[in-house]
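Peer 1: The structure under discussion is supplied below as structure tokens; questions concerning it will follow.
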């Protein structure tokens, strides 16, 4: 997962090839399975939201000097957000995809 997150952080924009990589990382099936359907995670905020673990809150901001920043909270949004999964990307969808993948990794670890 770390390699995928690094690849997403370096991306200048979302792309289908990145969406496929995300799907391969999180799906329990592959391209030969009839359930295989790649959503535009890195190109759509709505699709990226589907990656956020249930019961988690999201905060998203655009910062001129840092690009888009997304944070996934374990529960309601709170002022002290240290340690919450954060994603930085060139687009809001990339940032949210990164943060959501980090949150999933934290939940599984």
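Peer 1: For segment 43-55, name all the residues that are within 20 Å of residue 106 (Cβ to Cβ) and at pLDDT 85 or above.
Peer 2: 48, 49, 50, 51, 52, 53, 54
Peer 1: In segment 86-109, which residue that is in contact (Cβ under 8 Å) with a residue 60 or more places away in the chain and surrounded by fewer than 24 Cβ atoms within 10 Å (Cβ to Cβ) is nearest to residue 43 (Cα to Cα)?
Peer 2: 91
Peer 1: Shifting gears a bit: Is it the case that some residue within segment 87-103 is out of contact with any helix residue (DSSP H, G or I) (no Cβ under 7 Å at 6 or more places or on another chain), over 16 Å from residue 6 (Cβ atoms), modelled with pLDDT of 80 or more and part of a helix (DSSP H, G or I)?
Peer 2: yes
Peer 1: Quick check on my filter: what residues within segment 42-64 are touching a residue at least 12 places away in the same chain (Cβ under 8 Å) and assigned to a helix (DSSP H, G or I)?
Peer 2: 45, 47, 48, 49
Peer 1: Looking only at segment 8-23, which residues are assigned to a helix (DSSP H, G or I) and exposed (fewer than 14 other Cβ atoms within 10 Å of the Cβ)?
Peer 2: Selection gives 10, 16, 17.
Peer 1: If you don't mind, another one. Identify, please: which residue in segment 44-57 is surrounded by 14 or more Cβ atoms within 10 Å (Cβ to Cβ) and under 11 Å from the mean Cα position of the chain (by Cα) and is, among those, farthest from residue 97 (Cα to Cα)?
Peer 2: If we take residues in segment 44-57 being surrounded by 14 or more Cβ atoms within 10 Å (Cβ to Cβ) and under 11 Å from the mean Cα position of the chain (by Cα), then 53 is farthest from residue 97 (Cα to Cα).
Peer 1: Do we have any residue at all in segment 28-38 that's at pLDDT 95 or above and farther than 18 Å from residue 2 by Cβ?
Peer 2: Checked segment 28-38: no residue is at pLDDT 95 or above and farther than 18 Å from residue 2 by Cβ.
The values are calculated or read from the model by the stated rules, or taken from the named source; none is laboratory data. Since this is a predicted model, take the numbers as computed values, not measurements. Here Cβ is always computed from backbone atoms with ideal geometry, including for glycine, and neighbour counts include all displayed protein chains.
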